Structure formats: structure tokens, C-alpha cells
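Please treat every number below as a calculation from the coordinates, not as lab data. These numbers come from a predicted model, not from an experiment. Backbone-built Cβ (ideal geometry, glycine too); neighbour counts: all protein chains shown.
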Amino acid sequence: MKLAHPTFLMTVLASAVFATLLCVQPPAVAQAPAADVAADLRMAQDAAPFRRVADAFVATAMAGDAAQAQAMLSAALVARSGDAAIRRALESQILPFFSRGQAPGRSVTVTHTTDAVGQHGFAFYMWLQGTGGGAQRPFTVYVVEEQGRPMVANVVPDRLVEGRHR
């Protein structure tokens, strides 16, 4: 009688043990610890007024209202970039991007953010549904608190941020 090679026996034994462990272990359930859920709920609540500003900006940009869109921008952003540069960016990049959209997508990722002058707020990583069944396109709206009010600190159209746009 020929004996099996020891490596073969170890492989068979390891496979049997692994299969047994799979059967004995309860199924893994992806659950966030209670502290994470509480933090997420708190962030959603804190971000709500900022989200309303982001949504209003998107609606204004989709409507093509350059003057109203510019009025929603942070004074610090406008001062840093200059009025003419802001108008050019709105007319050549921001408004054309949003004019190709039918509606914002449903998926939104929210993170904390700080602008160049240290104002804190939230970044909203979103998607724009294309018109006529076109593909979704990513964009980000940054909203910070400036003099007690949420203001748009930046808008980045058509740039996918891995891990944020989901």
C-alpha cells in the first residue's frame, strides 16, 4: 500500500479544518459600532443646513442663473479668486456642467472640510444624472460657515474622488 505524500495530507487536513470553521462560525454582519452610528447621525444633523445650501446652489446652476450662483459663493472665495475669474469659471465650467444634467443623483457622501482661510463646513460628493439617459457625472460642492451663514466655498465639476463618490 502506497502512502500519500505528507504535503497532500496537510492540505487535505487544512481544507477540512477550514471548511469546519466556516460551518461553525456565525455569519459575519457588517455593523458599525454604536459610537460610529451616533457620530454619523450627529454629522448628518450638523450638515443639514449646509446641504440645503449645496442643493440650492445645484438647482440655481442647473437653471443657468449665473448672478444668483455667484451670490451664493463665499466672500473669501470671491476675494481670493477675483470677481472676473469667478464669472469666467461659472460661465465656462460650472453652469455648462450643470446644464447637461437632469437632476442630482441620490448618492451623496458627506465629509468635514475647511477652506483656505480656515472656515469649517462640509463637502458633498454628489452625482449629476445626465439628460436623455446620459451617464452620471461626479461633482463636489464645498459649503463652509462664513460670518454665521453657510456659503459655497468651492464647486468641482466632473472630478471623481475615489472612496468619496459612491
### Query
With each label point set 7 Å from Cα along the Cα-Cβ vector, what nm distance links Gln147 and His112?
2.6 nm
### Query
With the Cα gyration tensor of the stretch 32-157 giving a ≥ b ≥ c as the square roots of its eigenvalues, does the rule (a/c under 1.5 for rounded; else a/b larger than b/c for prolate; else oblate) give rounded, prolate or oblate?
oblate
### Task
Give the calculated FRET efficiency between Asp46 and Ala84 to the nearest 0.05, with a Förster radius of 41 Å applied to their Cβ-Cβ distance.
0.75
### Task
Within 10 Å, count the other beta carbons around each residue, average over each peptide in 92-100, 120-128, and list them highest first.
120-128, 92-100
### Task
Just subtract the alpha-carbon distance of Ser99 and Gln68 from 0.36 nm times their residue separation and send over the number in nm, one decimal.
9.7 nm
### Message
Charges on Cβ only, +1 for Lys and Arg, -1 for Asp and Glu, centred on the Cα centroid of the stretch 64-131; of Gln102, Thr113, Ala69, which one is farthest towards the dipole's positive end?
### Response
Gln102
